[in-house]
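Here the structure comes first, spelled out in structure tokens, and everything after it is commentary.
The values are calculated or read from the model by the stated rules, or taken from the named source; none is laboratory data. Quantities reported herein were computed from a predicted structural model and do not represent experimental measurements. All Cβ positions, glycine included, derive from the backbone under ideal geometry; neighbour counts span all protein chains shown.
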Amino acid sequence: MNENEHEHEVEVVLAEGAELEAVRRVVLAAYPDCVPELIQGATVQELLDAIEPARAAYARVAETMAERSEVAMAVNPPVVPAGGTGVAIDPGALPAAEKVRRGLAGQRR
């Protein structure tokens, strides 16, 4: 094998690698519900064969996370203050007479 043939083979391998990567990107775009790390292969057919196992793995992970979320909500319900919230009033915006009135009303309770 001469040097020109070897260079041609290297170029073909590099071109095939770039084409495989392009196919992999298309597969990942078409199937966002798969684990990207599982879409691997040395041929287009291997990439295509990896789709269903990658989708199944994604579904298992999504199901597990959903179950954990439901369990967490059942164990630790969100904390809501009793009685709701009052209207937030900026004391600096109140006139002096209103501040005095509120202060006296608070002492009577």
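Scan segment 76-89 and give yes if some residue there is modelled with pLDDT under 85, assigned to a loop (DSSP other than H, G, I, E, B) and of a type in the set (Ser, Thr, Tyr), otherwise no. Yes, there is a match, as at least one residue in segment 76-89 is modelled with pLDDT under 85, assigned to a loop (DSSP other than H, G, I, E, B) and of a type in the set (Ser, Thr, Tyr). Considering only residues in segment 1-57 that are in a loop (DSSP other than H, G, I, E, B) and not hydrophobic (A, V, I, L, M, F, W, C), the one that is modelled with the lowest pLDDT turns out to be Asn2. A Cβ distance below 6 Å, combined with a sequence gap of six or more or placement on separate chains, defines the contacts here; from segment 39-60, residues that are within 17 Å of Val23 (Cα to Cα) reach residues that are part of a helix (DSSP H, G or I) and charged (D, E, K, R) in the pairs Ile39/Arg24; Leu47/Arg24.
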